[in-house]
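As structure tokens, the structure follows; a few thoughts come after it.
The values are calculated or read from the model by the stated rules, or taken from the named source; none is laboratory data. Keep in mind that this is a model prediction, so the values were computed, not measured. Cβ placement follows ideal geometry from the backbone for every residue including glycine, while neighbour counts extend to all protein chains displayed. Just so you know, the surface numbers come from the protein's heavy atoms only, side chains and all, with ligands and any DNA or RNA stripped out. Shrake-Rupley method; radii C 1.70, N 1.55, O 1.52, S 1.80 Å.
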Amino acid sequence: MPKSLKDQFTHRWYTIKEHIHIVFYEPSNKWYRNVYAWISIILTLIFTVFTIYEVVNVNRLKAYNEDLQTNAAQHQMTREIVRELHPDLFVTITSFDDMVQSKGYSYAHEHFENSKPIEKPGK
């Protein structure tokens, strides 16, 4: 006769508890029956995983930092070119950058969008 699902789960649970009791609570000289050995193994694995994650993350952040430095150098070079070729435009770029740093991008963008001269169609 097939047992009910609840009886099967109960039987399996008691079997697991028996094995855990045998492995961890009966005296033995075997290392795998030592609770402290398992705790040490688990903590070592956790530490190893976190260390690997940090090493990978540091390398990713180094690559990201190099990209940011490249972009900053390109931005500075562009500013120098604009300063030489169009000094009036450079003043606008500088004021926009200052406003972004002091009040945020959305405020500066809204301010400069509202202050642009409106072109009339047909011209």
Hey, what did the chain get for relative contact order, percent, Cα under 8 Å, at least 6 apart?
7
Roughly how tilted is helix 35-85, in degrees to the nearest 10 and between 0 and 90, from the longest Cα axis of the chain?
10
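Taking only protein heavy atoms into account and a 1.4 Å probe, give the accessible area per residue of the chain in Å². Mind dumping the intermediate values first?
On the way: 11460 Å² over 123 residues.
Here the residues of the chain average 93 Å² of exposed surface.
Please compute the alpha carbon radius of gyration of the chain, then divide it by the globular-protein estimate 2.2 N^0.38 Å. Two decimals is fine. Mind dumping the intermediate values first?
On the way: Rg = 33.6 Å, N = 123, 2.2 N^0.38 = 13.7 Å.
That ratio works out to 2.45.
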Count the lysine pairs in the chain whose Cα atoms lie under 24 Å apart, taking only pairs 8 or more positions apart in sequence or on different chains.
4
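Rounded to the nearest 500, what is the 222 nm mean residue ellipticity of the chain from helices alone, with -39500 (n - 2.57) per DSSP H run of 4+ residues and division by all residues? Intermediate values should be presented prior to the final figure.
On the way: 4 runs with 100 residues, N = 123.
Computed ellipticity for the chain at 222 nm equals -29000 deg cm²/dmol.
If you roll a 1.4 Å probe over the range 1-74 with all protein chains in place, what percent of the accessible area is carbon or sulfur? Spell out each step's value before the answer.
Details: 4690 of 7080 Å².
Summing carbon and sulfur atoms, their accessible area is 66 percent of the total for the range 1-74.
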Estimated distance in nm for a label pair at S102 and D7, the labels positioned 7 Å out from Cα along Cα-to-Cβ:
8.2
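To the nearest 0.05, what FRET efficiency results for N65 and D88 with a Förster distance of 35 Å applied to their C-beta separation? Spell out each step's value before the answer.
On the way: r = 34 Å, r/R0 = 0.98.
Using R0 = 35 Å, I get an efficiency of 0.55.
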The simple spin-label model distance between L45 and A73, using points 7 Å out along Cα→Cβ, in nm, is 4.5
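Extension gain Y25-V58, at 0.36 nm per residue separation less the Cα-Cα distance, in nm? Display every interim value, and only then the final one.
Details: separation 33, 0.36 × 33 = 11.88 nm, distance 4.29 nm.
The Y25-V58 span can extend by a further 7.6 nm.
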